[in-house]
Amino acid sequence: MEVVKFSELPLSEYVLRAVEELGFEYATPIQSAAIPVVMRGGDVIGQAQTGTGKTAAFGIPAIEAVDETDKNTQVLIMCPTRELALQVKEQIQKLAKYKKGLNVAAIFGGESYERQFLALKKGSQIVVGTPGRIMDHMERKTLVLSNIKLAILDEADEMLNMGFREDIEKILSFSPAERQTILFSATMSPEILSITKRFQKNPEIIRTLKKEVSNANIEQFFFAVRKEAKMEVMTRLIDVHDLKLMLVFANTKSKVDEIVSDLQVRGYAAEGLHGDMRQQVRTQVMSKFRAGVTTILVATDVAARGIDVSGVDAVFNFDVPQDLEYYVHRIGRTGRAGKTGKAFMLISGRDKYRLRDIENYTKVKIEQGVIPTFNELVKTRHRKFLEQVRESLISGVDNFYEDIVGELSEEGYSDAQIMAALIKMQVGAVKSEFSDAQLSDSYREPRTQDSRFDRKDSRSSSYGSRDGGRREYGSGNRDPRGGERRFEPRERRQETGARGSGRTDMVRLFISLGRKDNVAPNHIVGAITSEARIAGRAIGQIDIYDKFSFVEVPQQDVKRVLDGMQGKTINAREVNMEIAK
């Protein structure tokens, strides 16, 4: 598989800057093959699976093609589901970050027309949508296609399977005949070929081939976890499964550095490997990993290319890979030489849709794993310590150490007290920033009256909408939890938020940092448990506002928390904490 850097592609400085900021240095196969062809202005048929980097393959040329001074819609992207439409919109917005004046809108069923009217009226040069809702806006004259330069069909086979053929053909027939047409599909059915013959001019066909997963010695599991709890879950799995040598994969260089730092703080022998490192440093890191001095190697996919290490107990997909083919490469580094290996994948939010794509791609069912509980973690640590003590007793104990015990006994301490103190020093306190329930991706913070928004129990109506009779994913008779938001006045939010949970055994503390400081609940819990040495589960309700936050702590721990946090930081920002007035 040829490796091409984004800097080697014919891209504008503002796109390269955005790509670099996202942490991507090398293009995936479909990106390196498709981007130059699309930018030359030719029609393209791309045969590639979901998750191979298709969005950037058509999104980057779309951004380059847009005239940002012209507020008319110039690029139309059709997707089969609202989830994919949102995903494509968000990715293009990130890639277009430094092209000022470029607007992207997403239109799909299950969301109010008014919000979409406003986005289109503002002037969105790139529109991403589902066929049904695109047709609705065309009929309402709120979406005009007469200035379309580029029409893109993403996952065309899925759209045909969902019954959108008639809409697709009508949409394309209403756009200018001289437009450029790009079509991506995992399969090339007769229906797909019929559309390409009718609406494309001498398209260039680009295919990326996949590799099958053939190693039956790899046990594959996924864990649905909250994004901020990934580190906690991974370290629990490492300890409970007693893993000795591991590879951890992340999608970006910055994430590699972040994971390594977090692991080292927790006491694990971890090193990172990514493209910013000099060859000498890379060689040193690999030598320490092969020798077992470093037990956890955290790497990006490109940096890990060519790594051949035997005896890896497990591979962690800390980030779900951008390219499905990378998943095969990642897990193939465990389960070698007849040994059983483990492949763990931590998924959160929309990653669950990519899990389905990985299963379809590899033809392997990935089982959902059970996250170890805190009690299991404690028992595992204690068991390991007992094993070490037994080994030491069997090998014999020096008289020097017995003399120390005798000296402490003369001071009035019992043998049990001495042993307990030594065990505490050796094992340390087993801590967790999260309760067991808070680790799961299904966990939601308790709703309080100081929520910034109240959501109406609105449901999408089929009245007057073409989407009503269609089975658009995420619309129809499904309960769309992303209904209309009603803004709650600031005065009311402050008034209701000041009450807290009302528990008499808890004291509410004011924190001088909030959302604008990128502070999250786990940052507050982590700082307090670390500096004040109180259990994370003892901490009560946390309410975060734009410029400040509140946290409840047990009454007996108030002084310890205030003293411990004096002059300290939360999320690398200096904090002031005091009893809330």
(request) Taking every Cα atom in the range 4-207, find the radius of gyration and the maximum pairwise distance Dmax, and write them in Å. (result) 15.7, 44
(message) Which three extents, in angstrom, do the Cα atoms of the range 218-368 have along their principal axes, listed largest first?
(response) 39, 35, 30
(message) For the pair Ile404/Arg533, report the inter-label distance in nm, with labels modelled 7 Å from Cα in the Cβ direction.
(response) 2.0 nm
(message) Given contacts defined as C-alpha pairs under 8 Å and at least six residues apart, what's the relative contact order of the range 218-368, whole-number percent?
(response) 36 percent
(message) Students often get this wrong, so check it: of Lys89/Lys230; Lys100/Lys197; Lys149/Lys253; Lys54/Lys547; Lys5/Lys363; Lys379/Lys516, which have C-alpha atoms separated by over 32 Å?
(response) Lys100/Lys197; Lys149/Lys253; Lys54/Lys547; Lys379/Lys516
(message) Starting from the 7 Å offset along Cα-to-Cβ, what nm value, one decimal, do you get for the label separation of Val389 and Thr504?
(response) 4.2 nm
(request) Just tell me which lysines come within less than 17 Å, Cα to Cα, of Lys141; anything on the same chain fewer than 8 places away is out. (result) Lys71, Lys121, Lys122, Lys170
(request) Whole Å is fine, so just give me how far the alpha carbon centre of the range 1-34 lies from that of the range 317-346. (result) 24 Å
(request) List the extent of the Cα atoms of the range 1-71 along each of their three principal axes, largest first, rounded to whole Å. (result) 39, 28, 20
(message) For a Förster distance of 45 Å, can you work out the FRET efficiency between the beta-carbons of Glu139 and Lys365, rounded to the nearest 0.05?
(response) 0.55
(request) Within 10 Å, count the other beta carbons around each residue, average over each peptide in 72-78, 91-97, 281-287, and list them highest first. (result) 72-78, 91-97, 281-287
(request) Please go through the range 84-113 and write out the chymotrypsin sites (Phe, Trp or Tyr not before Pro) that DSSP classes as loop and that have at most 15 other C-beta atoms within 10 Å. (result) Tyr98
(message) Using a 7 Å offset from Cα along Cα-Cβ at Glu258, what residues in the range 553-570 end up with backbone N under 18 Å from the label point?
(response) 570
(request) Would you mind getting me the FRET efficiency between Asn72 and Phe221? Use the beta-carbon distance for r and R0 = 60 Å, nearest 0.05. (result) 0.75
(message) Starting from the 7 Å offset along Cα-to-Cβ, what nm value, one decimal, do you get for the label separation of Ser512 and Asn375?
(response) 4.3 nm
(message) Contact order normalised by length for the range 291-392, with contacts defined as Cα pairs under 8 Å and 6 or more residues apart; what percent is it?
(response) 23 percent
(request) Could you give the size of the charge dipole of the range 218-368 about its Cα centre, using +1 on the Cβ of each K and R and -1 on the Cβ of each D and E, expressed in debye and rounded to the nearest 20? (result) 180 debye
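Values quoted throughout were computed directly from the atomic coordinates according to the rules given, and no laboratory measurement underlies them. Fair warning: this is a prediction, and the values are worked out from it, not measured in the lab. Note that each Cβ is placed from the backbone with ideal geometry, even for glycine, and that neighbours are counted across all protein chains shown.
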